[in-house]
Amino acid sequence: MDGAKVKFGIVVFPGSNCDHDAYYVCKKILLQEAVFLWHKETDLRGVDAVILPGGFSYGDYLRCGAIARFSPIMQQVIRFAGEGGTVLGICNGFQILVEAGLLPGVLLRNSSLNFVCKYVHLRTENVETRFTRQCQPGEILSIPIAHGDGNYFTDDATLQRLRQNNQIVFRYCDAQGNCTDEANPNGSLENIAGIVNEQGNVLGMMPHPERASDPVLRNTDGQKIFTSVMRDVVTRSIGLEVADQSLMSAERGRRYVDG
Amino acid sequence: MAYLARIRVTLRKSILDPQGKAVEHAVLTLGFAGVSHVRMGKYIELCVDRQDKNEARRVTEDVCKKLLANPVMEDFSVELEEL
C-alpha cells in the first residue's frame, strides 16, 4: 500500500490481452496504484494483490495456461499465494491457476466447442470471501464471458470438498438466479463460474469483471470484485477486523440509502 | 544412448470429449457407417539422452506428469525406440 492506495500487480504474459483493461480499471476507474509485471520478472514489487489477466498466454499451446505456469513471475505468484497474498485469476488467469495447482480442477473445452463471447448472469454463492464482501448474499451480477475453454471439471471428491468449504463463489444462472442448463454457457460442472482456494486468498473466475467496471459501459457489476479486494487490503493493513466490519456496514447502509 | 520417445496424451475415459463427438458426427454424416467412439488426443515426439532405456522412460514419464499431460483430465502412454 502507498498511502491509502492499494497496489495491484497485473502479470503480463506473451499473449495476455486483458492486461490493459485490468490496469485501466485499477488505475483510472478505481484510482488505485497499478503496475504491470512482465512474465520474466522475479519480483512482485511489493504489490498488495496480483491479477492474472485474460488472454491466450503462450498461444494456449499444449493446454491453456500450461506453459505460463512455469514462467519466472509465476514462481513468485505461487510463493505470494502460499503466504496468503491475494491473487485474482480472470479467464486465462483462472486456467493458469488450475494448471499451477493453486486451484483444484481443470477447464475443459466448452461443451459446444464454440468460443462464447456474451454477457452472462452470475449468482454470488459466497460473500464471505475477500473478493465478494461488497456483494449481497445471492446477488446476481451481470458480467461478460469470452472463452473457448471454460468448462470447469473436477472429480467427485474434490467437488464435495468445494461444496463443503464453500469454495464455489460464482455460478452461471438466469436473470432470476436459477442455475439451469440453459444458463450454463460452457457445460461447466454444477454451473461453476468461479472458485476460491481453501484458504480463500486465490480466486479464479471465467467471467471478466474488468469488462464490466467502467460506468461508460453502463454496467459496473464487475467493480464489486475489485472494491472487495481494496477494502480487504485496507482493513488488513490497519490490522483491525473490527474496522472491516464497521466499514462494511457503513457501505451496506449507504447502498441501501442509494437504493 | 539416445532414445526417441513417442508420447500419446488422451482425455481420460470419464471425460466427455466434445471434439471427438463432433468428428464422429462428421464421419457419420459422410456416410461411413459403424464408426464410433471417436476420441481426440495429442501425439508428441521427443529425443532423450540417457544411459539406458529404464532411465529414459523415467525421465520421459516425469516430463509427461509435470508438463505434457494434466493428470486431472488426461492419461499418457510412452513408447521408446533406441536411436
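Rule-based calculations on the coordinates, nothing more; no lab input. Note that this is a predicted model, so its numbers are computed, not measured. Heads up, the Cβs are rebuilt from the backbone with ideal geometry, glycines too, and the neighbour counts pull from every protein chain shown.
The mean number of partner chain beta-carbon atoms within 10 angstrom of a residue's beta-carbon across peptide B:61-71 is 2. Normalised by the number of residues in chain B, the mean separation of alpha-carbon contacts (under 8 Å, six or more apart) gives a relative contact order of 53 percent.
In the range A:1-56, Cα pairs under 8 Å separated by at least six residues give a relative contact order of 53 percent. When chain A is treated as a GNM with alpha-carbon contacts under 10 Å, the residue of A:Asn126, A:Asn178, A:Asn92 showing the greatest mean-square fluctuation is A:Asn178. Ranked by the mean number of other Cβ atoms within 10 Å of their residues, highest first, the peptides A:43-50, A:219-226 fall in the order A:219-226, A:43-50.
With contacts taken as Cα pairs under 8 Å at a separation of at least 6 residues, chain A carries a relative contact order of 18 percent. Each peptide among B:63-76, B:21-34 gets the average number of other Cβ atoms lying within 10 Å of its residues, and from highest to lowest they stand as B:63-76, B:21-34.
For A:Arg45 and B:Lys66, the FRET efficiency from 1/(1 + (r/R0)^6), where r spans their Cβ atoms and R0 equals 22 Å, is about 0.15. The calculated 222 nm mean residue ellipticity attributable to helices in chain A amounts to -8000 deg cm²/dmol, summing -39500 (n - 2.57) over DSSP H runs of n ≥ 4 and dividing by all residues. Per-residue shielding of A:106-117, expressed as the average number of other chain Cβ atoms within 10 Å of the residue Cβ, stands at 3.
Packing-based ranking of A:103-111, A:134-142 yields A:103-111, A:134-142, ordered from highest to lowest mean Cβ neighbour count within 10 Å.
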